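Undergrad: Okay, here's the structure, questions in a sec.
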2 protein chains.
Amino acid sequence: MVQAIDNKTALSEKIYVETQNFPIPEFTLENGETLYEVNIAYETYGNLNASRSNAILILHAFSGDAHAAFYHQGDTRPGWWDRMIGPGKAFDTDRYFIICSNVLGGCAGSTGPSSINPRTGKRYALEFPQITIKDMVNAQKLLIDHLGIDKLYSIAGGSMGGMQALQWLVSYPERVRSAIPIATTARHSPQQIAFNEVGRQAIMADPNWNYGNYYDGEIPRAGLAVARMIGHITYMSEKSMAEKFGRRTKAEEGKPRFHPDFEVENYLRSRGDNFVRRFDANSYLYISKAMDLFDVSEGRPLSEKFYGLQAKLLVLSYKSDWLYPAHQSLEIVSACKIAGVPVTYVDIEAHYGHDSFLVETEIQSQLVKNFLARVGD
Amino acid sequence: MVQAIDNKTALSEKIYVETQNFPIPEFTLENGETLYEVNIAYETYGNLNASRSNAILILHAFSGDAHAAFYHQGDTRPGWWDRMIGPGKAFDTDRYFIICSNVLGGCAGSTGPSSINPRTGKRYALEFPQITIKDMVNAQKLLIDHLGIDKLYSIAGGSMGGMQALQWLVSYPERVRSAIPIATTARHSPQQIAFNEVGRQAIMADPNWNYGNYYDGEIPRAGLAVARMIGHITYMSEKSMAEKFGRRTKAEEGKPRFHPDFEVENYLRSRGDNFVRRFDANSYLYISKAMDLFDVSEGRPLSEKFYGLQAKLLVLSYKSDWLYPAHQSLEIVSACKIAGVPVTYVDIEAHYGHDSFLVETEIQSQLVKNFLARVGD
């Protein structure tokens, strides 16, 4: 009886974590520029084993951060991939040592355009150099060195996280035993660039953006909210929006013109408003541009980059994801096959669109579990 | 020899047209409000026959106007559907009398939010009432009355033009012998509403919008351009963008940060800038909202609205159109079949996306020709 109560307590008990900081005194970028006193914010979950062989690096998507799982003090919701990371979950913290860091250029602890430039004592704003996905990965590699990990058991991430996973395979093939790129691409299509560009235009059209110099005044709230709204439409599917909202209206007498009529309008506005509170507009510009500039194969066939790779891959896409359609994942799969790299691919039946990898994680969990169990074979 | 030269001259000769005005002294809207001294701008091509039985009403899409074919003095490009309308073309001006009017709420000659309110002597701006697709159709019906046409040989339009065609069938079934709704829907999905809403948000986020009162100052150029850019992405297909732009970049030394890197970015910006010169931001708000509010079946099965209809339908969709996907056209087709209304449906193989009905018109022309030839049977 007492035990039963204890179990229940244990199940509902929140596990708390804190973000840590990894300082890099001097960091040279892909373009040759150097950043000084760089910080990389990161979290870890679970324990590194004695042979330091059970570490998995989680790579976050565009608007993610280092807080992938569990709770911070005061959190009402856990980290962004808590469905996937934890005791007994796909990334099982009883077995693996999980690491997640905020990307370089970000605004959740890692150095980015909103950080103080130590050379001037002022915020970088647009003085921040254009970082790339490769730069993000190079910073993560220094963190992995710092943690004393010679070889990662796996690396995994969706969307921009998947891009980083692909870049890891190409930049540091000897440091990775396996990789799980999800809902991602080897390079953005013009349509993907176009959606990002419109988001950037929305931010830069806001007079409060002020060429990036808004840190001492009003932030470009309206522009950033519009950018996020565009993003949200592309992260969902037509079907999931239809199921979630239909054409339900919110009746309101005497409301001003062009206030929301439909629930979907209210939803978008509230998501836009929430985002503004937590995300830096300049980080939006830099990170979205890094995604657009990314081309892991550098204009060559991707298979050329994969020859000799010892890692195993699990590639996942989602049938309802129209932003990162399956053919982009299939290109990665084909490149693996041409290069003789072992690869498992599943186009998962889920209706939520691109965000499926964040919210519809049941099948994904099973596939990741099965895959991770076989990495050691 | 002389004849050959004459033929060549005739072929290359531009046919010039002028926009005409149809005044409506008093016009009562669906919501009971009344507009005074309304104007409807329209054009006609070809000649009305003695029995007044050869008139076809063309219905324009969101950003279209009355100028569907031929040239205005000074035009370098003809009207928006010149590929479809003219001697020997699908809407053959040697056989049919073609009419096209600018919608109520528009900004190309017809009364809209940028018009002077005769009661105040000032521009309506947001004092303009929220017009609907039904209001647009009611105004067109008065124009058809005015032109002395009892029964239209056909009505045709794509996108919002198709919505008006559906509304005509339901509002004035006895006035229409046939209808050609193209790349359209009986009602907007939440995704379609969402894209429109983000466009509206972009306009309203621009401080120059000033709650609609910008006619004496700066127009909300930046916001309207962003709205149009969003639209443009949705009007094209992933494939057509890939073919048109690829990942080609425009190399420019020393360009400021976040200026366009990719051709697709330049394209979107230039289309946004062009649009701003010809379209009124408040009309954007009112017309896009009219589309979102449109539901031709008023929450009931569409077939109920089609029972007893004597018209024939040609329904067309485009395989690469992801904004108005085929299943929305198929709903119209099903409703016709349930109601016993003769319908022909083709999902056309074209790669240009939603804009195919404007630019990839070869198959569409043949289908329209065949259909119009059989309307009289």
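Values in this text are rule-based calculations from the coordinates and carry no lab data. Bear in mind the structure is a predicted one, so any value in this text is a computation, not a measurement. Cβ coordinates were reconstructed from backbone atoms using ideal geometry, including for glycine residues, and neighbour counts include every protein chain displayed.
Undergrad: Give or take rounding to whole Å, what are the principal axis extents of the alpha carbon atoms in segment A:192-291, in descending order?
TA: Reported extents, whole Å, longest axis first: 40, 32, 20.
Undergrad: Just name one of A:VAL343, A:ILE85, A:GLN191: the one whose Cα is farthest towards the positive end of the charge dipole of chain A (beta-carbon charges, Lys/Arg +1, Asp/Glu -1).
TA: Highest projection toward the positive end goes to A:VAL343.
Undergrad: If one computes the Cα centroid of segment A:167-213 and of segment A:102-121, what distance in Å separates the two points?
TA: 18 Å
Undergrad: Further, regarding this structure: Anyone know which of B:PRO25, B:PRO207, B:PRO256 comes out most mobile in the 10 Å Cα GNM of chain B?
TA: Top of the fluctuation ranking is B:PRO256.
Undergrad: Compute the label-point distances linking A:ILE338 to its equivalents in the other copies; points lie 7 Å from Cα along Cα→Cβ; give nm, one decimal, shortest first.
TA: 4.9
Undergrad: Additional query: Based on alpha-carbon positions alone, could you give the equivalent ellipsoid semi-axes of chain B from the gyration tensor, as √(5λ), descending, whole Å?
TA: In descending order, the three semi-axes are 31, 26, 23 Å.
Undergrad: Please report, in debye to the nearest 20, how large the charge dipole of the protein assembly as shown is about its Cα centre when each Lys and Arg carries +1 at its beta carbon and each Asp and Glu carries -1 there.
TA: The calculated dipole for the protein assembly as shown is roughly 620 debye.
Undergrad: Let me ask another. Spin-label point model (7 Å from Cα, Cβ direction): what's the A:ASN274 to B:ASN21 distance in nm?
TA: 5.1 nm
Undergrad: Now a separate question. Over the alpha carbons of the protein assembly as shown, what is the largest minus smallest coordinate on each principal axis, giving the biggest first in Å?
TA: That gives 96, 77, 51 Å along the principal axes, largest extent first.
Undergrad: How high is the relative contact order of chain B? Use alpha-carbon pairs under 8 Å, at least six apart in sequence, and give a whole percent.
TA: The normalised contact order for chain B reaches 16 percent.
Undergrad: Can you list, shortest first and in nm, the gaps between the label point of B:THR249 and those of its counterparts in the other copies, using a point 7 Å from Cα in the C-beta direction?
TA: The projected label point of B:THR249 is separated from its counterparts by 4.9 nm.
Undergrad: With +1 on the Cβ of every Lys and Arg and -1 on the Cβ of every Asp and Glu, and nothing else charged, how large is the dipole of segment B:170-224 about its Cα centre, in debye rounded to the nearest 20?
TA: Using Cβ point charges on Lys, Arg, Asp and Glu, segment B:170-224 gives about 360 debye.
Undergrad: Once whole DSSP H runs in chain A are found, which of them have Cα atoms spread over 15 Å or more along the helix axis and a mean Kyte-Doolittle score of at least -1.0?
TA: Helices meeting the criterion: A:2-12, A:133-146, A:160-171, A:190-205, A:221-235, A:281-293, A:326-339, A:362-375.
Undergrad: Fewest Cβ neighbours within 10 Å first, please rank A:SER189, B:SER110 accordingly.
TA: Working: A:SER189 22, B:SER110 25.
With the sparsest Cβ surroundings first, the list reads A:SER189, B:SER110.
Undergrad: Now for a different question. To the nearest 0.05, how large is the calculated FRET efficiency for B:ALA50 and A:GLU243 if R₀ is 60 Å and r is the Cβ-Cβ distance?
TA: Working from the Cβ atoms, E equals 0.60.
Undergrad: Going by how many other Cβ atoms sit within 10 Å of their own, how do B:ARG200, A:ARG300, B:ARG177 line up, fewest first? Intermediate results must be reported in sequence, preceding the final value.
TA: Numbers: B:ARG200 22, A:ARG300 10, B:ARG177 17.
In order of increasing Cβ crowding within 10 Å: A:ARG300, B:ARG177, B:ARG200.
Undergrad: Hey, got the dipole for chain B? About the Cα centre, +1 on K and R Cβ, -1 on D and E Cβ, debye to the nearest 20?
TA: 340 debye
Undergrad: Is it possible to state the helix-based mean residue ellipticity at 222 nm for the protein assembly as shown, with each DSSP H run of 4+ residues giving -39500 (n - 2.57), the sum divided by total residues, to the nearest 500 deg cm²/dmol? What is it?
TA: Numbers: 24 runs with 284 residues, N = 754.
Dividing the helical sum by the residues of the protein assembly as shown leaves -11500 deg cm²/dmol.
Undergrad: Could I ask something else about it? What is the pair-distance distribution P(r) of segment B:329-377, computed from all Cα-Cα distances in 10 Å bins starting at 0, with each bin given as a whole percent?
TA: Answer for segment B:329-377: a P(r) of 22, 43, 32, 3 percent.
Undergrad: Another one. Note the distances from A:TYR211 to each other copy's matching label point, with points 7 Å along the Cα-to-beta-carbon direction, in nm, sorted shortest first.
TA: 3.3
Undergrad: Mind sorting A:VAL17, B:VAL103 by how few other Cβ atoms lie within 10 Å of their own Cβ, fewest first?
TA: A:VAL17, B:VAL103
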